[in-house]
Amino acid sequence: MVIQPTSFCNIDCRYCYLVDRDVHEPMSIDTVRAIRDWLDESGLLGDKVTVCWHAGEPLVLPAAFFAEAFDEFSKLEASGCRVHHSIQTNGTLATDAHCEVFVRHRLNVGISIDGPKFIHDRNRVTRKGAGTFDAANAGLNRFLAHGISVSAISVVSSHTLAHSHAFYDAFVDMRIPVVGLNVEEIEGVNLISYIRSRSDFDAYKDFLRDLLKRSCDDGRVAFREFNHALRSVYRADFEQISSEATPFHIVSFDHFGNFSTFSPELLDQTCEPYGRLQFGNARDVPFSTLETQARYRRVAAEIEAGVERCAQECEYFGVCGGGAPSNKLAEHGTFDCARTDFCDYARKAVFDVVVEAIESDPDLIERASRHGWWNDYVLTD
Ligand code: SF4
């Protein structure tokens with residue numbers, strides 16, 4: 001589950017695509033209860049659910065909100081479902097009170113940091129245009145001081161590509177052991193990447209090659225994208241489905257309790273001919289009614305057709321599973337399509353760089369397998 005406890009964000013990153021990031025309307029505990037009850041009655045729960053608190057900036061809400069919200073969700077455990085919470089934050093508003101709640105509930109914190117200060121501060125800025133690295137780093141140090149496990153999501157912009165080693169060293173210095181790479185996407189809900197020319201693409205692959213080599217050599221930082229590609233090569237039981245293209249693998253709720261599924265980005269999006277890509281509110285549209293909702297059925301069928309097209313047309317289908325509907329929609333105006341620019345850099349380039357490195361450097365995997373991340377993220381999910 002992805003829950004947006006507010007659409008408001010206290011900073012104003014230059015590449016942000018959130019439409020309502022100026023609207024300050026926090027989620028109420030009544031809405032948290034409605035979401036929990038919706039989930040409980042849905043029949044979707046297995047033995048574990050992960051709740052990710054994300055987008056706008058969740059730590060705009062006070063620690064007391066999270067303490068109460070986590071207590072409400074823990075009631076699901078009575079029916080045998082373990083609840084694991086994570087949070088994705090810019091770090092700038094973290095307090096000791098937040099940390100104490102997070103420690104109590106064993107949260108994983110994902111912090112959004114774009115590498116070293118000279119890169120981070122170009123795009124991750126306040127509404128007055130000032131850099132936010134120092135405040136984010138202070139938040140990070142607060143999490144670490146409380147013993148909280150922290151990973152990072154880092155947006156890679158064109159400026160980042162020439163600084164692969166400074167980028168890697170920054171995460172070593174910040175003591176962040178796992179990083180996810182998001183390539184900057186340009187303009188509002190139009191998720192088109194700046195990596196469109198041949199030279200940008202070559203520079204991006206060189207950037208990936210440097211990070212992979214550093215990661216395998218010294219093992220101090222692992223990257224989500226490489227871990228996934230390595231899993232696909234080294235795990236006999238690897239089977240890829242796209243969570244974002246599978247109905248109700250991910251359920252996303254906004255601060256009013258409105259919900260969507262498939263890519264979390266769809267929650268805020270509107271498109272022809274469907275209008276808003278939300279399928280109801282936790283208070284009045286139970287999961288059991290969705291199969292009879294015409295709009296949901298048409299969206300689900302179009303996404304399924306797109307995945308089928310991927311299976312027919314794309315040689316990377318086995319490691320991708322059919323991609324991200326939000327990117328298909330943004331780039332082609334329909335879910336019923338296959339290749340996107342997003343495929344090229346987020347899937348194919350990563351996989352190609354990993355396979356090329358394995359083939360050209362016979363000791364690479366031997367070196368990688370000495371590091372903790374090999375067991376933690378390649379051999380284990
Ligand atoms: S890489 Fe792109 S075209 Fe290939 S399976 Fe994934 S989404 Fe489909």
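The values are calculated or read from the model by the stated rules, or taken from the named source; none is laboratory data. Quantities reported herein were computed from a predicted structural model and do not represent experimental measurements. FYI the Cβ positions are ideal-geometry reconstructions off the backbone, even for glycines, and counts take in every protein chain you see. SASA here: full protein model, heavy atoms, side chains in, ligands and nucleic acids out. Shrake-Rupley method; radii C 1.70, N 1.55, O 1.52, S 1.80 Å.
General observations
- Considering residues of the stretch 313-335 that are open to solvent by 30 Å² or more (accessible area, probe 1.4 Å), without any contact (Cβ under 8 Å) to a residue 40 or more places away in the chain and closer than 22 Å to residue 272 by Cα only, the residue farthest from the ligand (Cβ to nearest atom): 334
- Residue within the stretch 76-83 that is under 25 Å from residue 25 (Cα atoms) and touching a helix residue (DSSP H, G or I) at 6+ places or on another chain (Cβ under 9 Å) present: no
- Qualifying residue in the stretch 342-353 (condition: basic (Lys, Arg) and open to solvent by 30 Å² or more (accessible area, probe 1.4 Å)): yes
- Residue list for the stretch 96-121, restricted to those being under 27 Å from residue 172 (Cβ atoms), aliphatic (A, V, I, L, M) and open to solvent by less than 50 Å² (accessible area, probe 1.4 Å): 107, 109, 111, 113, 119
- Each residue in the stretch 140-158 was checked for being open to solvent by less than 50 Å² (accessible area, probe 1.4 Å), in contact (Cβ under 8 Å) with a residue 40 or more places away in the chain and in a helix (DSSP H, G or I), and 2 of them qualify.
- Scanning the stretch 235-272 for residues that are more than 13 Å from the chain's Cα centre (by Cα) and aliphatic (A, V, I, L, M) yields 236, 241, 245, 251, 266, 267.
- Residue match in the stretch 270-281 (condition: more than 16 Å from the ligand (Cβ to nearest atom), closer than 21 Å to residue 1 by Cβ, among the polar types (S, T, N, Q) and not in a strand (DSSP E or B)): yes
- Taking the conditions (1) over 20 Å from the mean Cα position of the chain (by Cα); (2) open to solvent by 10 Å² or more (accessible area, probe 1.4 Å) in turn, residue 124 satisfies each one other than (1).
- Checking each residue in the stretch 223-253 for being away from the ligand (no atom under 15 Å from the Cβ) and assigned to a helix (DSSP H, G or I) picks out 224, 226, 227, 230, 231, 233, 234.
- Residues of the stretch 336-368 classified as under 19 Å from residue 240 (Cα atoms) and within 11 Å of the ligand (Cβ to nearest atom), total: 14
- Matching residues in the stretch 362-375 - criterion: being touching a residue at least 24 places away in the same chain (Cβ under 8 Å) and open to solvent by 40 Å² or more (accessible area, probe 1.4 Å): 367, 370, 372
- Selection within the stretch 1-39 - farther than 25 Å from residue 112 by Cα and crowded, with 16+ Cβ neighbours inside 10 Å: 31, 33, 34, 35, 36, 37, 38, 39
- Of all the criteria given as (1) of a type outside the set (Phe, Trp, Tyr); (2) within 13 Å of the ligand (Cβ to nearest atom); (3) closer than 22 Å to residue 204 by Cα, the one not satisfied by residue 306 is (3).
- Residue selected from the stretch 338-381 under the condition outside any loop (DSSP other than H, G, I, E, B) and of a type in the set (Lys, Arg), by the criterion modelled with the lowest pLDDT: 347
- Within this structure, residue 256 fails the test of being crowded, with 17+ Cβ neighbours inside 10 Å and either polar (S, T, N, Q) or within 16 Å of the ligand (Cβ to nearest atom) (or both).
- In the stretch 76-108, the residues that are of a type in the set (Lys, Arg) and touching a Lys or Arg at 6+ places or on another chain (Cβ under 7 Å): 82
- Test result for residue 299, more than 14 Å from the ligand (Cβ to nearest atom), open to solvent by less than 20 Å² (accessible area, probe 1.4 Å) and at pLDDT 95 or above: yes
- Exactly one residue out of 44, 61, 93 is open to solvent by 50 Å² or more (accessible area, probe 1.4 Å), of a type in the set (A, V, I, L, M, F, W, C) and under 22 Å from residue 149 (Cβ atoms): that is 93.
- In the stretch 49-65, the residues that are within 24 Å of residue 261 (Cα to Cα) reach residues that are open to solvent by 20 Å² or more (accessible area, probe 1.4 Å) and among the aromatic types (Phe, Trp, Tyr) with C-beta atoms within less than 6 angstrom, at least six apart or across chains, in these pairs: 56/8.
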